[in-house]
Amino acid sequence: MKFNLKETHALMEITARPDLVFVAGHGSWLQDGDGKSYLDFVQGWAVNCLGHSPQVVQKALAEQAQQLVNPSPAFFNLPSMKLAQMLVEHSVFDRVFFCNTGAEANEGAIKLARKWGRKNRSGAHEIITFVNGFHGRTLATMAASGKAGWDQLFSPKVPGFPKAIYNDLESVEALIGPQTVAVMLEPIQGEAGVIPATPAFLQGLRRLTQEHGILLIMDEVQTGMGRCGTLFYHEQAGIEPDIMSLAKGIGAGVPLAALLAKKEVCCFEHGDQGGTYNGNPLMTAVGVAVLEQLLTPGFLECVRERAIQLSNGLQVLAQHHGLPGERGVGLLRALMLSDASGGSIVKKARELHPEGLLLNSPRENLLRFMPALNVSAAEIDKMLEMLDGLLSHR
């Protein structure tokens, strides 16, 4: 099937895309219009937690589309009620607000914290975030992010987000003042190169925020929904945040996100928060199907097994090719390179024949791996073999 790439001119230019069009995907594989297959270890940036076009998502969409698509968020609907109850039962949180994207969930977390600060901390509104953090692309979430250069985009930026140093508790404490209402962070900085917060740092943040009477917000957009081998990453540090955001994996490819909070923090009044498509039954029916899969006995254990396989394989490649090593948690991992060849490797991997390989390089000196959570052992071995060849011919 041939495509005229001139037709892409109708799309607004926002990123550099290669000259190929994907037309189908199944599990860990994508196919382009020329029939070439690609082993996908990006999966929409950790979105497709069950791979491409999983049967459970197809079934949920087809069945729900015949029942009810969107009655508006002004009314209750059964799938959103069920998904909210499931999330509450399997987390430390009491209330759920559904939305469409991770940025929207984080925007909601910011609004909720500021509303709580107005009611409980004399109008305190500052949220301490972190250098190199990433929370989305709305004006507020860009201001909350610590991505280099973003402080100059779309000025004037939204104020109220002082930046601390990741894994440095003293830098956080130094920023806490009368206007501080919360600390917000990713437990693993994904865009920064898969940099995990240490358990001691997360535990210290929880103690520090409780001592000062402020909130702890956990952005688990990329780390949540089984990505790190447990349903939520903060479980591995043994802490309970006050607020958490979810997206990406919760919808397994469809636009679905969630803001979760303890009941004592939930202070939105009618009209404070909403959205035309939020919590619609078509998307939340998918969320129910996805969460049911993740909770299936043995599923997360298998994620942990595949994570060990991927980590061990990357360590072998690092030793063989004289690279600094690998890092990450679960099936969110990075291979550190000894030079700035990340972008070049991504391009060469895509151009491999007869089958291509899809990789991601958020920083030029590393590669990031975000396969489907149900990736097979054979697919991990195949990716490692293909990557070995690429590293040998850098």
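The values are calculated or read from the model by the stated rules, or taken from the named source; none is laboratory data. Note that this is a predicted model, so its numbers are computed, not measured. Cβ coordinates were reconstructed from backbone atoms using ideal geometry, including for glycine residues, and neighbour counts include every protein chain displayed.
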Residue match in segment 306-313 (condition: under 16 Å from Gly389 (Cα atoms) and touching a Gly at 6+ places or on another chain (Cβ under 8 Å)): no
Filter result for Val88 (closer than 26 Å to Met184 by Cβ, in contact with a strand residue (DSSP E or B) (Cβ under 7 Å, 6 or more places away or on another chain), in the same structural domain as Gly249 (by TED's automatic domain parsing) and not charged (D, E, K, R)): yes
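In segment 13-40, which residue that is of a type in the set (Ser, Thr, Tyr) and in contact (Cβ under 8 Å) with a residue 24 or more places away in the chain is farthest from Pro354 (Cα to Cα)? Quick ask: steps written out before the conclusion?
Step one: filter segment 13-40 for residues of a type in the set (Ser, Thr, Tyr), giving 15, 28, 37-38.
Within this subset, residues satisfying the condition of being in contact (Cβ under 8 Å) with a residue 24 or more places away in the chain are 28, 37-38.
Numbers: Ser28: 16, Ser37: 8, Tyr38: 9 Å.
Here the residue is Ser28.
Could you say which residue among Leu352, Leu373 is touching a Cys at 6+ places or on another chain (Cβ under 9 Å) and part of a loop (DSSP other than H, G, I, E, B)?
Working: Leu352 fails: touching a Cys at 6+ places or on another chain (Cβ under 9 Å).
Residue meeting the stated conditions: Leu373.
Go through Gln31, Gln67, Gln43 for me and flag whichever is of a type in the set (S, T, N, Q), assigned by TED's automatic domain parsing to the domain that holds Gly226 and either surrounded by fewer than 17 Cβ atoms within 10 Å (Cβ to Cβ) or on the phi > 0 side of the Ramachandran plot (or both).
Unique residue meeting the criteria: Gln67.
Right, Arg207: crowded, with 24+ Cβ neighbours inside 10 Å, out of contact with any Pro (no Cβ under 8 Å at 6 or more places or on another chain) and among the charged types (D, E, K, R) or not? First the steps, then the outcome.
On the way: crowded, with 24+ Cβ neighbours inside 10 Å: no; out of contact with any Pro (no Cβ under 8 Å at 6 or more places or on another chain): yes; among the charged types (D, E, K, R): yes.
Here the answer is no, as Arg207 does not meet what is asked.
Among the candidates Gly226, Gly274, Gly251, which residue alone is within 13 Å of Ser91 (Cα to Cα) and in contact (Cβ under 8 Å) with a residue 24 or more places away in the chain?
Values: Gly274 fails: within 13 Å of Ser91 (Cα to Cα); Gly251 fails: within 13 Å of Ser91 (Cα to Cα).
Of Gly226, Gly274, Gly251, the one residue that is within 13 Å of Ser91 (Cα to Cα) and in contact (Cβ under 8 Å) with a residue 24 or more places away in the chain is Gly226.
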Residue in segment 90-113 that is assigned to a loop (DSSP other than H, G, I, E, B), modelled with pLDDT of 95 or more, of a type in the set (D, E, K, R) and touching a Cys at 6+ places or on another chain (Cβ under 9 Å) present: yes
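Give me the residue from segment 1-28 that is assigned to a loop (DSSP other than H, G, I, E, B) and among the basic types (Lys, Arg) and, out of that set, surrounded by the most Cβ atoms within 10 Å (Cβ to Cβ). Walk me through how you get there before you give the answer.
Step one: of segment 1-28, the residues assigned to a loop (DSSP other than H, G, I, E, B) are 1-4, 11-21, 28.
Imposing the further condition that a residue be among the basic types (Lys, Arg) reduces the set to 2, 17.
Details: Lys2: 7, Arg17: 11.
Result: Arg17.
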Criterion violated by Asp339 - all others in (1) in a loop (DSSP other than H, G, I, E, B); (2) in the same structural domain as Lys248 (by TED's automatic domain parsing) satisfied: (2)
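So that you can scan it fast, the table gives a plain yes or no per residue for (1) under 15 Å from Ala105 (Cα atoms); (2) outside any loop (DSSP other than H, G, I, E, B):
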| site | (1), (2) |
| --- | --- |
| Gly226 | no, no |
| Glu235 | no, yes |
| Ser245 | yes, yes |
| Gly249 | yes, yes |
| Leu260 | yes, yes |
| Phe268 | yes, no |
| Gly275 | yes, no |
| Asn278 | yes, no |
| Val290 | no, yes |
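Select from segment 188-224 the residues that are in a loop (DSSP other than H, G, I, E, B), in contact with a strand residue (DSSP E or B) (Cβ under 8 Å, 6 or more places away or on another chain) and more than 22 Å from Arg137 (Cα to Cα) and list them in ascending order. Let's see the steps before the verdict.
Initially, segment 188-224 is screened for residues in a loop (DSSP other than H, G, I, E, B), giving 190-194, 197-198, 213-214, 220-224.
Filter once more, keeping what is in contact with a strand residue (DSSP E or B) (Cβ under 8 Å, 6 or more places away or on another chain): 190, 193-194, 197, 214, 220-224.
The answer is Ala197, Ile214.
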Some residue of segment 298-310 being over 26 Å from Gly193 (Cα atoms) and either at pLDDT 95 or above or surrounded by fewer than 17 Cβ atoms within 10 Å (Cβ to Cβ) (or both): yes
